[in-house]
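Everything below concerns the one structure shown next.
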Amino acid sequence: MSLPEVLDRIRAAEAAAGRPSGSARLVAVTKGQDLASIEQHVLAHGEFPLGEGRAQELRDKAAQRPELEWHFLGPLQRNKVKYMRPVTLVHSLEEVWQAEALAQAAHTWGRAPDVLLQLHNGEAQKHGVDPEQLRSVLQHVRATGLTVRGLMVMAPEAEEAQVRRVFEDAARRAHDLGLSELSMGMSGDYPLAVAAGSTLVRVGRSLFT
Ligand SMILES: *Cc1c(COP(=O)(O)O)cnc(C)c1O
């Protein structure tokens with residue numbers, strides 16, 4: 001597949017769900033890809049936010065292309081917070097201490113990235129905020145001064161009905177909390193995610209094969 005084909009499938013899923021065209025944005029996940037490959041497979045087709053999952057790799061690429069829009073979507077370790085300086089949106093915030101460290105670093109940077117709270121998906125997966133804690137974590141993260149724009153979830157490796165339930169549950173929670181952004185959908189499941197209301201679709205592999 002190529003980026004234009006992925007965009008077509010996103011647009012088709014929006015239309016099928018009765019959603020406005022463009023209401024689900026593509027975040028091109030570029031982890032593991034060098035800048036030449038990103039140029040060829042992504043930027044040749046237009047401007048898209050680029051999603052990175054490893055902090056050092058993000059720092060190295062963003063240093064070379066600071067004019068691009070960089071997102072971070074991997075696990076955020078304390079000693080890597082300093083590499084988040086070029087990032088406009090962190091999709092994977094899951095602990096209050098991460099927000100505190102980001103907010104503190106942002107003082108010296110003069111600007112802060114916005115964040116999404118990653119929701120735990122009920123699988124034996126270690127990342128994400130427990131749904132029971134979501135409201136309280138949201139309050140604490142907001143208290144640091146960061147802007148929380150929405151939720152992120154990763155689908156479990158499961159049958160379609162279960163994936164759909166995880167996406168719909170995340171959409172309902174975001175709606176209940178008054179959060180407008182929903183980061184969900186990867187190469188294997190993004191049409192389902194768009195059907196459930198995703199506004200940020202994180203596709204990697206499909207753009208580069
Ligand atoms: C790698 C990654 C993606 C992209 O996954 P693909 O299967 O390559 O489309 C999306 N989100 C996160 C958090 C990732 O780590």
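What follows draws every value from the coordinates through simple rules; no lab data is involved. Given the structure is predicted, the values throughout are model-derived calculations rather than measurements. Neighbour counts run over all protein chains shown; Cβ positions are idealised from the backbone, glycine included.
Quick one: in the stretch 150-204, of everything that is among the charged types (D, E, K, R) and either within 14 Å of the ligand (Cβ to nearest atom) or assigned to a loop (DSSP other than H, G, I, E, B) (or both), which residue is nearest to Lys126 (Cα to Cα)?
Of everything passing the filter in the stretch 150-204, Glu157 is nearest to Lys126 (Cα to Cα).
Among the candidates Trp109, Trp70, single out the residue that is aromatic (Phe, Trp, Tyr) and over 18 Å from the mean Cα position of the chain (by Cα).
Answer to the selection: Trp109.
Taking the conditions exactly as written (over 28 Å from Glu5 (Cβ atoms), of a type in the set (Lys, Arg) and surrounded by 17 or more Cβ atoms within 10 Å (Cβ to Cβ)), does Arg164 satisfy them or not?
Against the criterion (over 28 Å from Glu5 (Cβ atoms), of a type in the set (Lys, Arg) and surrounded by 17 or more Cβ atoms within 10 Å (Cβ to Cβ)), Arg164 does not qualify.
Between a first residue in the stretch 142-164 that is without any contact (Cβ under 8 Å) to a residue 24 or more places away in the chain and a second residue that is more than 16 Å from the ligand (Cβ to nearest atom), which pairs have beta carbons less than 7 Å apart while being 6 or more apart in sequence or on different chains?
Arg142/Val148
Let's see how each residue does on (1) among the hydroxyl-bearing types (Ser, Thr, Tyr); (2) within 13 Å of the ligand (Cβ to nearest atom); (3) outside any loop (DSSP other than H, G, I, E, B); (4) in contact with a strand residue (DSSP E or B) (Cβ under 7 Å, 6 or more places away or on another chain):
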{"position": "Pro20", "(1), (2), (3), (4)": "no, no, no, no"}
{"position": "Gln33", "(1), (2), (3), (4)": "no, yes, no, no"}
{"position": "Pro66", "(1), (2), (3), (4)": "no, no, no, no"}
{"position": "Pro75", "(1), (2), (3), (4)": "no, yes, no, yes"}
{"position": "Lys80", "(1), (2), (3), (4)": "no, no, yes, no"}
